[in-house]
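S.K.: Mind having a look at this structure? Questions to follow.
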Amino acid sequence: MNSGIYLYTFANGDNYIGQAINIQKRWDQHISKMQKGQHTKLIQAAYDRYGLPDFRVMLECHPNYLDPMEAWCINRWQPTLNGNIPVCHDDTPEHFN
């Protein structure tokens, strides 16, 4: 699978947005951490209660654009499980041109 931005959502609606150069490999890493009880506190608690989340690729993009596109997606959708990640305050994709 290509590089890009992904989203996973638990049964209660809590969600997480991330980026990866290899999205499938990164998703497999998330699953492994959850199953071993080693993920971040919020994500692990959601997994322990709801099981594996639904997963989807939000967009594929060149690795050079992962950081700004992830920031834009986090800023736009305000995922509940991303914690205190600094995001861009300009809510337009043109900001990253």
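The values are calculated or read from the model by the stated rules, or taken from the named source; none is laboratory data. The structure presented is a predicted model; accordingly, all values stated were derived computationally and were not measured. Positions of Cβ are backbone-derived with ideal geometry, glycine not excepted, and every protein chain shown enters the neighbour counts. Side chains are part of the model used for accessible areas, which takes the heavy atoms of the whole protein and leaves out ligands, DNA and RNA. Shrake-Rupley method; radii C 1.70, N 1.55, O 1.52, S 1.80 Å.
S.K.: Could you check region 48-87 and list, in sequence order, the residues that are among the hydroxyl-bearing types (Ser, Thr, Tyr) and either open to solvent by 90 Å² or more (accessible area, probe 1.4 Å) or assigned to a loop (DSSP other than H, G, I, E, B) (or both)?
M.R.: Listed by number, the residues that qualify are Tyr65, Thr80.
S.K.: Another question, then. Considering each residue of region 20-47, count those that are open to solvent by 60 Å² or more (accessible area, probe 1.4 Å), over 17 Å from Asn82 (Cα atoms), in a helix (DSSP H, G or I) and not basic (Lys, Arg), and give that number.
M.R.: 3
S.K.: So in region 1-60, with the set limited to residues that are among the hydroxyl-bearing types (Ser, Thr, Tyr) and modelled with pLDDT of 95 or more, which one is farthest from Asn75 (Cα to Cα)?
M.R.: Filtering region 1-60 down to residues among the hydroxyl-bearing types (Ser, Thr, Tyr) leaves 3, 6, 8-9, 16, 32, 40, 47, 50.
Narrowing further to those that are modelled with pLDDT of 95 or more: 3, 6, 8-9, 16, 32, 47, 50.
On the way: Ser3: 20, Tyr6: 14, Tyr8: 16, Thr9: 17, Tyr16: 12, Ser32: 27, Tyr47: 24, Tyr50: 25 Å.
Step by step, filter region 1-60, then rank; the result is Ser32.
S.K.: Could you grab me the full set of residues in region 61-73 that are modelled with pLDDT of 95 or more and aliphatic (A, V, I, L, M)?
M.R.: Leu66, Met69 - these are the residues of region 61-73 that are modelled with pLDDT of 95 or more and aliphatic (A, V, I, L, M).
S.K.: Between a residue in region 36-59 that is in contact (Cβ under 8 Å) with a residue 60 or more places away in the chain and any residue that is open to solvent by 50 Å² or more (accessible area, probe 1.4 Å) and of a type in the set (Asp, Glu), which pairs come within a Cβ distance under 6 Å, given they are 6 or more apart or on different chains?
M.R.: Taking only residues 6 or more apart or on different chains, not a single pair turns up.
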